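**Q** The structure's right below; bear with me while I get my questions together.
The values are calculated or read from the model by the stated rules, or taken from the named source; none is laboratory data. Here the structure is a predicted model, which means the values were calculated and not measured. All Cβ positions, glycine included, derive from the backbone under ideal geometry; neighbour counts span all protein chains shown. All accessible areas refer to the heavy atoms of the entire protein, side chains included, with ligands and DNA or RNA removed. Shrake-Rupley method; radii C 1.70, N 1.55, O 1.52, S 1.80 Å.
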Amino acid sequence: MPRSSLLSPFAQVLGLVLAMTAAPALPQAARYPHPVERDFLAAHNLARADVGAPLLVWSDRLARDAQSWADHLAARNLYDHATIEQRKGQGENLWRGTRGHWSNWEKVGFFTAEKRHFRPGPFPEVSRTGQWSDVAHYTQIIWPQTREVGCAIAETATDEVLVCRYWPAGNIWGQRIDPAEHRAARR
């Protein structure tokens, strides 16, 4: 049995977070991740590790696209998903809440809390409630083919708007999502 499979998902993510916060010698072109990026990435990867999905990497490109859409929403006081064309095929999760009240971990936690309604199956038949929208944030986060994430926040006078973008996009109609299959495939 490989050594990494002996570690719990939590221990694997904790190791990842610790490795990300260490201060290694970096090549001149590399950049040390910002704490906000580390929080968003670690919160996403904790959920993915829990189901055996490959860990995500941070994408500055996705974060820039997310920032552009978050700024658009905040400036117009809107809360709408970008169209598929505007997203350039990227997946998208949105959150909006009282400004300064929620940590970045808690914001992503609203997405991952949808796990309680999730059931394996072909998308969109993945919710115990019968409404795929009750689990769509969560399924995007754990979608097994997704490899990159980038998130950004914009503020209104009273609220924060969080946009997270994913590549490749998840929640593909007709495709099966089953964490047990992810774990078996990685063994």
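**Q** Quick one: Asp80 ticks every box in (1) touching a residue at least 24 places away in the same chain (Cβ under 8 Å); (2) surrounded by fewer than 21 Cβ atoms within 10 Å (Cβ to Cβ); (3) of a type in the set (Asp, Glu); (4) closer than 30 Å to Pro120 by Cα bar one, so which box is it?
**A** Going through the list (1) touching a residue at least 24 places away in the same chain (Cβ under 8 Å); (2) surrounded by fewer than 21 Cβ atoms within 10 Å (Cβ to Cβ); (3) of a type in the set (Asp, Glu); (4) closer than 30 Å to Pro120 by Cα, Asp80 breaks only (1).
**Q** Working only within the stretch 136-164, note down all residues that are over 15 Å from Phe111 (Cβ atoms) and among the charged types (D, E, K, R).
**A** Arg147, Glu148, Glu155, Asp159
**Q** Open to solvent by less than 40 Å² (accessible area, probe 1.4 Å), within 21 Å of Ala169 (Cα to Cα) and not charged (D, E, K, R): is that true of Phe118 in this structure?
**A** The answer is yes for Phe118.
**Q** Here's something else I'd like to know. For the structure I just gave you, tell me whether Ser127 is more than 13 Å from the chain's Cα centre (by Cα), open to solvent by less than 20 Å² (accessible area, probe 1.4 Å) and polar (S, T, N, Q).
**A** When the stated conditions are applied, Ser127 passes them.
**Q** Right, next: May I ask you to list the residues in the stretch 53-77 that are open to solvent by less than 20 Å² (accessible area, probe 1.4 Å) and not polar (S, T, N, Q)? Reasoning before the result, please.
**A** First, the residues of the stretch 53-77 that are open to solvent by less than 20 Å² (accessible area, probe 1.4 Å): 53, 56, 59, 62-63, 66, 70, 73-74.
Result: Ala53, Leu56, Leu62, Ala63, Ala66, Ala70, Leu73, Ala74.
**Q** Also: Could you grab the pairs with beta carbons closer than 8 Å, sequence gap of 6+ or different chains, first residue in the stretch 44-69 and within 25 Å of Asp80 (Cβ to Cβ), second one part of a helix (DSSP H, G or I) and open to solvent by 70 Å² or more (accessible area, probe 1.4 Å)?
**A** Short answer, once both residue conditions are applied: Ala47/Lys115; Trp69/Gln86.
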